[in-house]
Each structure stands twice: as structure tokens, then as C-alpha cells.
Amino acid sequence: MNKSIDDLKKLPSIDSLLLKPQLAAASGPHCLKVEAAQEAVDACRKQILQGDSPQDDMVASIVADASQRLAAKAHPSLREVINATGTLLHTNLGRAPLSEAALQSINTVARSYSNLELNLKTGKRGHRYSHIDTLLCRLTGAEAAAVVNNNAGAVLLALTALAQGDEAIVSRGELVEIGGAFRIPDVMEAGGVLLREVGTTNKTHLGDYETAINDNTGLLLKIHTSNYRIVGFTDSVPAADMVALGKQHKIPVMEDLGSGMLFDLSPYGLPKEPTVKEGVAAGIDVLTFSGDKLLGGPQAGLIVGKKWAIDKIRNHPLARALRIDKLTLAALETTLSHYLDEQQALDEIPVLRMLNMSVECLEQRSQTFKEQLQQQVTQTCTVEIIREDSCVGGGALPITNLPGAAVALTPLHLTPDQLTNRLRSAEQAVVARIQDDRVIINLRTVLANQEATVIETLVSSLQQKSN
Ligand SMILES: *Cc1c(COP(=O)(O)O)cnc(C)c1O
């Protein structure tokens with residue numbers, strides 16, 4: 001007891017710690033240094049009170065602890081993560097990485113002033129939509145376009161602007177919940193739109209919509225079931241038939257495409273998904289889709305369709321609340337411009353490149369990766385190459401498996417959980433999956449210039465002593 005009182009008396013003052021070269025010279029604001037020093041002293045005090053003896057050089061060990069705490073505090077909270085899961089659109093990992101050109105556009109617009117809402121020809125007030133609407137119309141064949149913060153916002157805005165106080169008719173097979181508690185019925189309620197469900201879970205016919213139409217019907221709504229599939233005995237109504245029905249009754253038709261795609265990916269071995277252009281050609285009045293799903297751009301909600309409907313949407317007060325910011329707009333314009341040339345889109349947009357990566361390419365990359373890793377981890381882990389399918393994720397192409405290969409690691413002195421924890425908390429965080437007690441590194445989603453870092457992080461994580 002007396003010993004611990006003596007030890008407690010020896011605890012250094014915060015001021016004296018801050019003067020130690022290791023802390024004084026460290027980068028980081030003063031307030032964080034004080035906080036780190038206080039925490040380190042508190043930790044040591046706790047240790048003494050528990051009856052543990054402090055380190056021989058108590059002050060040095062407190063300074064070392066404080067420096068570590070400071071480094072952790074000074075690190076930005078939002079930071080780069082290497083995605084080794086093989087899942088292309090991981091909402092938790094920020095969905096789509098952007099093309100180089102899109103990054104440059106953000107940089108240019110962010111570092112200076114811009115013509116965000118200034119018409120440079122007339123010197124008069126312009127509109128932020130003017131930077132993308134021509135492009136979106138050209139790419140989709142639509143009459144008009146608008147863009148907001150994200151697709152959930154686009155759906156809410158379009159529903160509210162077009163059908164507030166009215167009924168919207170939706171198939172029971174399309175009442176989808178998208179991750180993060182975005183449920184179509186709830187969004188409709190928030191927008192003051194009354195949900196009128198028709199049909200059954202697996203089958204809805206045109207007649208179901210027709211029977212439900214009444215004086216209060218304001219909208220026929222179609223929702224792409226992006227994150228699940230009903231297979232087997234199923235039926236849904238093609239867009240063109242809904243448009244014909246809507247015309248007959250003078251009711252607009254809206255479709256939420258979720259992850260809309262601007263061109264058909266089926267020539268690249270992916271399933272046929274409705275493209276935005278097809279929806280526009282079918283005569284749908286309003287289509288909404290995400291900027292950061294298969295499109296491979298920044299988070300945004302894109303809205304295209306008939307001029308009368310888009311005008312209503314643009315002029316609704318909610319449009320102001322959901323407006324897109326200039327950095328997103330810069331990245332979006334550049335991403336969309338890649339789509340003017342299909343090949344350029346496939347070459348420049350990371351998500352499309354990853355989507356298109358062949359099994360041979362992944363086998364080759366995995367093989368090279370394995371060779372470089374293996375010689376450094378002979379004592380700590382076994383390395384194999386396995387066949388592994390990836391999924392697209394982010395609620396896009398739910399039942400599509402992208403065939404590929406991956407590197408499977410069996411750590412010898414750690415559990416797979418311990419290894420993935422270490423990878424996540426490393427200086428450069430790496431997120432990997434565990435499957436069948438092995439840690440899987442799928443290079444499909446690892447950018448080429450990140451591979452060396454993944455190897456370094458693996459080697460050091462496998463070497464650290466177990467704790
Ligand atoms: C993903 C998705 C949304 C929401 O889009 P965010 O860009 O995440 O806001 C809405 N509807 C469908 C069908 C979706 O798949």
C-alpha cells in the first residue's frame with residue numbers, strides 16, 4: 001500500500017510531460033496533446049491503484065503512451081480503407097471509388113471559386129443543374145434532368161412533387177426495403193403520398209393497376225427490386241404497358257431504378273438490367289437512380305424524364321433542401337462525360353473496370369501477390385489461391401456472381417478474427433473477409449497501386465506478437 005502511495009506521488013505533471021521532446025516536437029494541436037497526456041497519466045494511475053507496479057522508467061513509458069494516443073487522435077476519423085472483400089459497392093466502405101478525372105474535377109472546383117450558379121455568358125444567375133442536364137439528356141434521351149444529394153432523396157422529392165396528397169399505385173412485389181431503413185412505404189408516407197398496393201408478392205398484372213385507379217390516383221409507381229429477386233412463378237408489368245395505362249387515365253408513371261445503368265452490361269457477361277435509356281424510351285415520366293452504384297460516380301440522386309415533371313420537381317421546396325453540392329457535381333459531370341464513349345467508361349470508371357475483370361486477370365494478379373507475400377510470411381501463415389465469386393453489393397445485381405480468384409490465408413499463430421482485426425486497425429486499414437477459417441484477400445476491389453501496401457500490412461500484422 002505504501003509502495004503504491006509512493007508511486008502515485010511520482011506521477012508526472014501534465015506540464016512536465018508536454019515539455020518532453022517526444023511530445024513537444026510531435027505534430028498535433030495543443031489541446032490534443034494535453035488530452036493524450038492526461039489519459040496516459042490516468043491509465044498509469046489506474047494501473048498503480050490496481051496494485052500493479054509501474055514500468056521502471058515510469059515517465060518514459062507515460063510519454064510513449066501519450067505519443068501513441070496523440071497519433072491516434074490526430075489521425076483523421078474518415079480515412080482511406082483498402083477494400084479486399086471483392087464486393088464492388090460496399091455501402092459501409094463508401095460505395096464507388098471515383099475515376100482519376102473525376103478526382104481532378106473535384107480538386108479544381110474545390111480549390112477555387114466556380115461558376116456553380118453563374119451563367120458566364122450573361123453574367124446573370126445560373127442554375128447548378130445546368131452543368132449536368134444537357135449531358136444527362138444526351139445520355140438517356142430524356143427531355144429534362146435534375147440531380148439531388150442521393151437517390152433516396154430523389155425518390156422522396158419526386159414522389160412529393162408529383163403525388164403529395166394523392167394515391168400512388170405500387171405492386172406488392174416491389175415494396176422494397178433498401179439498406180439503412182429506407183423502405184418505400186415509409187418514404188411514401190414521409191412524402192405525404194398514400195400507398196395503394198396491388199397484386200401479390202410474386203405476380204402483378206396490368207389489370208391490377210387498372211382496377212385500383214380512382215379519382216385520387218396521382219401516380220403509377222414502379223420500383224426496381226434492386227437488392228432481391230423473386231424467382232419462379234412471377235410476373236410484373238413491363239414499363240411500356242404501365243405508360244400506356246397511365247396515358248389512358250392521364251396519370252404519370254414513375255420508376256425508381258435504384259442502381260440505374262446507362263448502357264447494357266449483358267455483352268460483358270452480366271445479366272440484362274433495364275437501362276435508363278430504355279425507361280425513357282418506354283415513355284416513363286420520371287426515372288430516378290443512384291450516382292454511386294453501378295454508375296460508378298459520387299453519391300447523388302439522378303432524376304430524368306419529361307420536362308413538365310422535372311420542372312415540377314426542380315421547383316419543389318424540397319429540391320432546395322436536398323440539393324447537390326459543388327464537389328459532387330464536379331465529380332458527377334466528369335463521370336457522366338466518360339459515358340459519352342462506352343469504351344472510355346469501361347476504361348476510366350473503377351467500378352466498371354472491376355466489374356469487367358476476368359477470371360484470368362484475377363488469377364494472374366493473385367498468383368503474383370501470393371509469390372510476393374509468401375516469402376515474407378513462411379513462418380506465420382500459409383497462402384493459397386482459391387476460386388472465388390464476388391458480388392456487386394450496394395443493392396445492385398443481387399444474384400449475380402462475378403467469377404474470379406482470390407488469395408486465402410491461414411495464419412499459423414493467430415485466429416482469422418485476430419488477423420482481420422489487426423488489418424482493420426493497421427496504419428493503412430485493410431478490410432478482408434473470413435471464409436472457412438481463412439482470411440480471404442480478393443484483389444478485384446484492391447486498386448493496383450494498393451497491392452504493395454496490402455502485402456506490407458499483412459506481413460506486419462502476422463508478425464506482431466499475439467496480445
Ligand atoms: C439503393 C436504392 C435506393 C437508394 O439510393 P441511395 O443512392 O442509396 O440513396 C433507392 N431505391 C432503390 C431501388 C435502390 O436500389
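The values are calculated or read from the model by the stated rules, or taken from the named source; none is laboratory data. No experiment lies behind these values; they were computed from the predicted model shown. Glycine also receives a Cβ, built like all others from the backbone with ideal geometry; neighbour counts cover every protein chain displayed.
Reported count of residues in the range 249-299, each being surrounded by fewer than 20 Cβ atoms within 10 Å (Cβ to Cβ), among the small types (Gly, Ala, Ser) and either within 16 Å of the ligand (Cβ to nearest atom) or modelled with pLDDT of 95 or more (or both), is 3. Given the structure, is Val430 modelled with pLDDT of 95 or more and either over 21 Å from the mean Cα position of the chain (by Cα) or part of a helix (DSSP H, G or I) (or both)? Here the answer is no, as Val430 does not meet what is asked. Counting only strands (runs of 3 or more DSSP E) wholly contained in the range 60-174, the ones carrying 3 or more residues that are buried (at least 18 other Cβ atoms within 10 Å of the Cβ) occupy 144-148, 167-171.
Residue by residue, here is whether (1) closer than 18 Å to Thr134 by Cβ; (2) of a type in the set (Lys, Arg); (3) free of Cβ contacts under 8 Å to residues at least 40 places away in the same chain holds:
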position: Ile251; (1), (2), (3): no, no, yes
position: Leu262; (1), (2), (3): yes, no, no
position: Glu273; (1), (2), (3): no, no, no
position: Val276; (1), (2), (3): yes, no, no
position: Ala282; (1), (2), (3): no, no, no
position: Ser290; (1), (2), (3): no, no, no
position: Lys307; (1), (2), (3): yes, yes, no
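Counting only strands (runs of 3 or more DSSP E) that sit completely within the range 355-403, those holding 3 or more residues that are touching a strand residue (DSSP E or B) at 6+ places or on another chain (Cβ under 6 Å) and at negative phi correspond to 381-387.
The set of residues in the range 240-266 that are over 35 Å from the mean Cα position of the chain (by Cα) and over 21 Å from Gln164 (Cα atoms) comprises Ala244, Gln248.
Scanning the range 197-217 for residues that are surrounded by fewer than 20 Cβ atoms within 10 Å (Cβ to Cβ) and of a type outside the set (Asp, Glu) gives Thr200, Thr201, Asn202, Lys203, His205, Leu206, Gly207, Thr211, Ala212, Ile213, Asn214, Asn216.
Restricting Gly207, Gly232, Gly218 to residues that are more than 13 Å from the ligand (Cβ to nearest atom), more than 30 Å from Asn92 (Cβ to Cβ), part of a loop (DSSP other than H, G, I, E, B) and assigned by the TED database to the domain that holds Leu327 narrows the list to Gly232. Residues in the range 218-234 that are modelled with pLDDT under 85 and surrounded by 14 or more Cβ atoms within 10 Å (Cβ to Cβ): 4 in all. Which one is surrounded by the most Cβ atoms within 10 Å (Cβ to Cβ), of the residues in the range 235-248 that are part of a loop (DSSP other than H, G, I, E, B) and away from the ligand (no atom under 16 Å from the Cβ)? By that ranking, first place goes to Val237. Count of the range 433-467 residues, restricted to those that are part of a loop (DSSP other than H, G, I, E, B), under 24 Å from the mean Cα position of the chain (by Cα) and surrounded by fewer than 19 Cβ atoms within 10 Å (Cβ to Cβ), is 1.
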